[in-house]
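So the structure is just underneath, and the comments pick up after that.
Derivation of every value follows stated rules applied to the coordinates shown; laboratory data play no part. What you see is a predicted model; the values in this text were computed from it and never measured. Here the Cβ is made from the backbone with ideal geometry for all residues, glycine too, and neighbour counts use every protein chain on show.
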Amino acid sequence: MLPPPAGPPATVAAGGDGDRPPVSLADFAELARRALPPGVWDFVGGGSGVETTLAANRAALDRVAVLPRVLTGVERPRTHAPLLGREQAMPVAVAPMAYQRLLHPDGEPALAAAAGAAGVPYVLSTLSSTPVEEVTAATAGPVWFQLYWLRDRGLVADLLDRSHAAGCAALMVTVDVPVLGRRLRDVRNGFALPPEVTAANLPAGRDDLAHAGTPGVSAIAAHTEAAFAPALTWADLAWLRERTRLPLLVKGVLDPRDAVRAADVGVDAVVVSNHGGRQLDGAPATATMLPEVVAAVGERIEVLLDSGVRSGTDVLRALALGASGVLLGRPMLWALAAGGRAGAQAALDLLAVELRDALTLTGCADPTQARRLRTLTGD
């Protein structure tokens, strides 16, 4: 059963003399910066290379103007919308993000519980710092499992079996990480995981390289190179489609031709994503490619937008560009760092308020109507 429409957002203490609670998702960023060690802040906030694509994601969304409709008689729109055939409280899922105990001791269970209370799916990363079984037990809401393709096919099969047994509602395979993008902040910081944060879904010791700090080397990149299979193919995706009866999403699609081919394999949705600007620096912004992907697949599969979403207005923009919904990433980590589960809940409450305002101001009774709005893109 979905929660009732959000009322006034929950509050989270900002900390410091004279500070006020956050009134937008962006406000959580400064709270997180204060709360986190500099290396962890860079790990979360940084992109690859000189961060051109990281900046482009935000700039592309800011260029999207939505043309409001008037005299539609809408007083209080619904934010509920379907994703993968199930009604959600918003057309939003919390994106898969690794090692959330870096941000807060309660980590993934806290963020999953906040998502469940808000009525939106939580996507659990393969590189979660909490086992999948504990995360699904921590929330009554839907958990989708995100799969990285590992060199050890036996481990891939084991993760599939565990995600099914744990009751995950969907499977999301990430296809844009044959190797980790060169994230210069992490390289400069010689970033490595602290001993208490592990890749809890992998067998003990399989993440040792991620803890081996070396000046001028990203330990996360070293671990990824050793663990991930770089040569994932369409045949692997077809094998995965045959292996699971869960709804299957492919995350990391930018070229419309790849979206069409994914639909041909039988996936249920693609996620237009450049990994938050953390893989190929110089890849296009996701908001730029979204309309082309939507046009290419038509109504065959759902299309979600990832990378750069920071507000309810951004959710509206994505819907107006043709998306079925969005993945919300970094702001949820900021909120987790700022206040644990309460911080994450406050952020999702704010997002619901912002989305409802955006729908009201454009004359839309629900997110489905927002997909019929016109958009203008400035130069």
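Of Gly363, Gly343, Gly47, the residue with the greatest mean-square motion in the GNM of the chain, using alpha carbon springs below 10 Å, is Gly363. Could you pull out the longest piece of the chain with no exposed loop GluC sites (Glu not before Pro) in it, calling a site exposed if DSSP puts it outside H, G, I, E, B and it has at most 10 other Cβ atoms within 10 Å? Longest gap between qualifying sites, sites excluded: 76-195.
Counting only Cβ charges, +1 for Lys and Arg and -1 for Asp and Glu, the dipole size of the stretch 187-342 around its Cα centre is about 280 debye. Given R₀ = 30 Å, FRET efficiency for Arg243-Val217 by Cβ-Cβ distance, to 0.05? That pair, Arg243 with Val217, gives E of 0.25. Amide H to amide H, with H built 1.01 Å from N, Leu124 comes under 5 Å of Trp144, Phe145, Gln146, counting only residues 5 or more places away or on other chains. Computed 3J(HN,Hα) for the stretch 112-127, one whole-Hz value per residue from the Karplus formula 6.51 cos²θ - 1.76 cosθ + 1.60 where θ = phi - 60°, is 5, 5, 5, 4, x, 5, 7, x, 10, x, 10, 9, 8, 6, 3, 8, glycine and proline marked x.
Computing FRET efficiency as 1/(1 + (r/R0)^6) for Arg257 and Glu75, where r is the C-beta to C-beta distance and R0 is 41 Å, gives about 0.40. By other beta-carbon atoms within 10 Å, ranking Leu83, Leu249, Leu160 with the fewest at the front produces Leu160, Leu83, Leu249.
Using the Cβ-Cβ distance between Leu361 and Glu134 with R0 = 41 Å, the FRET efficiency computed as 1/(1 + (r/R0)^6) comes to roughly 0.50. A full extension of the chain between Thr368 and Leu67 corresponds to an added length of 106.8 nm, given 0.36 nm per residue minus the alpha carbon distance. Projecting the Cα atoms of Pro230, Ala210, Leu248 onto the charge dipole of the stretch 153-264 (Cβ charges, centred on the Cα centre) puts Leu248 farthest toward the positive pole. Where both bridge residues fall in the chain, DSSP classifies roughly 25% of the beta bridges as antiparallel.
Could you give the length gained by full extension between Val187 and Ser24, i.e. 0.36 nm per residue of separation minus their alpha carbon distance, to one decimal place? Mind showing how you got there, number by number?
Numbers: separation 163, 0.36 × 163 = 58.68 nm, distance 3.13 nm.
Full-extension gain reported as 55.6 nm.
Which of Asp314, Asp176, Asp42, Asp255 comes first, and how do the rest follow, when ranked by fewest Cβ neighbours within 10 Å? All intermediate terms of the calculation are to be shown ahead of the outcome.
Working: Asp314 24, Asp176 20, Asp42 17, Asp255 14.
With the sparsest Cβ surroundings first, the list reads Asp255, Asp42, Asp176, Asp314.
Given Cα pairs under 8 Å that are at least 6 residues apart, what percent is the relative contact order of the stretch 154-294? Mind showing how you got there, number by number?
On the way: 184 pairs, mean separation 37.4, N = 141.
So the answer I get is 27 percent.
Below 8 Å between Cα atoms, with a sequence gap of 6+, how large is the relative contact order for the chain in percent? Don't skip to the answer; put the middle values down first.
Values: 839 pairs, mean separation 105.9, N = 379.
Dividing the mean separation by the residue count of the chain yields 28 percent.
Helical runs assigned H by DSSP (4 residues or longer) give the chain a calculated mean residue ellipticity at 222 nm of -12000 deg cm²/dmol, each run adding -39500 (n - 2.57) before division by the residue total. For the stretch 359-374, the Karplus equation 6.51 cos²θ - 1.76 cosθ + 1.60, evaluated at θ = phi - 60°, returns couplings of 5, 4, 6, 9, x, 9, 7, 6, x, 4, 5, 5, 6, 9, 6, 8 Hz by residue, with Gly and Pro reported as x. DSSP bridge analysis restricted to the stretch 106-249 gives an antiparallel fraction near 20%, rounded to the nearest 5. In this label model, Asp208 and Thr377 are separated by 4.9 nm, measuring between points 7 Å along each Cα→Cβ vector. Using θ = phi - 60° in the Karplus curve 6.51 cos²θ - 1.76 cosθ + 1.60, the 3J(HN,Hα) couplings for the stretch 147-153 round to 10, 8, 7, 9, 4, 8, 4 Hz; x is entered for Gly and Pro.
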